[in-house]
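Please treat every number below as a calculation from the coordinates, not as lab data. Computed from a predicted model, the values in this text were never measured in an experiment. Every residue, glycine as well, gets a Cβ built from its backbone with ideal geometry; the counts of neighbours run over all protein chains shown.
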Amino acid sequence: MRSIKNNSVRKFFAFGIIGTMVFSMLSLFGNFGNSALAASFTKPYLIGPGDAPRSHSRHFHAPGNVKVKAKITYKREGNTDFPIVAEIESPTGQILESKNLTASSVQQTATLEAGPIGQHACGDLAWKVRVKSQNNAEPLSNVSGNITFSFVDPTAVSLDVEGQTINLNAGNSVTKKINGMTEKGPGKVKITATWFTLLPIKLKFQLIRPDGSVAATDTGYPQDAIFVNESEKIKLTYVVTAQDAQLSGSWKLKITNNTSDNASSINPKVSFTSGCF
């Protein structure tokens with residue numbers, strides 16, 4: 001009997017590994033995480049007697065300030081119904097919703113919801129969705145199912161650059177603070193710009209981390225330049241990691257004019273999309 005149970009547990013975890021690999025491949029090809037679309041991730045779980053765990057937590061990443069939902073299916077093996085608990089834990093370790101359930105021979109579904117909270121769940125931080133036996137009792141038989149975790153991806157927001165009009169004479173550089181970016185947490189930043197010159201010239205743009213290091217650099221023509229390939233127009237992108245988000249201070253934009261012509265009315269446009277990329 002113990003051998004049969006152990007084989008069941010091994011088969012379950014083999015399925016879980018395969019499912020994770022398939023999900024990783026789909027993520028690589030961009031099937032998840034599109035802006036303004038529902039991001040959804042499904043992982044299996046199992047609790048049971050003997051060598052099987054009495055509590056099983058699955059971890060999920062999500063940006064801050066989103067409402068999250070966990071849909072849990074559950075069904076027991078054997079002949080006796082068994083009481084279980086489903087709960088969702090925030091990245092800061094708080095149980096935000098918990099439900100007492102009874103697993104039977106018929107598959108059932110429970111839904112937990114939480115948030116939005118300001119704390120992101122990227123990098124080492126994660127939402128935890130847990131299924132466990134009530135009062136840590138040993139299950140009479142295996143209880144298993146899937147946990148589907150979902151949220152609506154944030155849309156891009158515009159961030160202001162310090163100051164109004166930026167003029168930059170030949171051979172000079174200027175550094176401006178990007179307002180509000182520090183509070184955004186992990187995500188993707190995109191910077192484009194327009195400016196005026198008598199003849200088209202390239203300017204150098206650098207995104208500066210709060211610690212003073214250079215996060216990304218691009219050199220190009222203004223976005224509204226004509227007779228210029230799109231690939232030569234300024235477009236700086238950077239993924240702000242969970243480690244970046246821990247830095248205190250302001251993100252900045254440094255613009256350098258290495259040409260012999262003056263540039264006026266430089267207008268940077270900064271957009272930010274929160275997410276665990």
- Task: On a C-alpha basis, how far is the centre of the range 252-277 from the centre of the range 111-154 in Å? Whole number, if you could?
- Result: 41 Å
- Principal axis dimensions, the range 107-226 - Cα atoms, whole angstrom, descending: 80, 33, 21
- Taking the Cα atoms only, what angle lies between the long axis of helix 2-28 and the longest principal axis of the chain, rounded to 10 degrees? 20 degrees
- Count charges around Asn258 for me, please; just the other residues with Cβ under 15 Å from its Cβ, Lys/Arg as +1, Asp/Glu as -1. +1
- Task: Rounded to the nearest 0.05, what FRET efficiency do Ala137 and Asn65 give with R0 = 25 Å and r taken as the Cβ-Cβ distance? Could you check?
- Result: 0.10
- Task: Jot down the per residue volume, in cubic angstrom and as a whole number, of the convex hull over the alpha-carbon atoms of the range 158-277.
- Result: 92 Å³
- Query: Want the number for Thr92 to Ser271: 0.36 nm per residue separation, take away the alpha-carbon distance, what's left?
  - Reply: 61.7 nm
- In deg cm²/dmol, rounded to the nearest 500, the helical mean residue ellipticity at 222 nm of the chain, built from -39500 (n - 2.57) for every DSSP H run of length 4 or more, is -3500 deg cm²/dmol
- Using the Cα gyration tensor of the range 61-164, the equivalent ellipsoid's semi-axes, largest first and to the nearest Å, work out to 36, 13, 9
- Ser57/Asn229 FRET efficiency (R0 51 Å; Cβ-Cβ; nearest 0.05): 0.50
- Item | Compactness of the chain, expressed as Rg and Dmax over alpha-carbon positions, Å | 25.3, 84
- the chain, relative contact order in percent, only Cα pairs under 8 angstrom and at least six apart counted: 22 percent
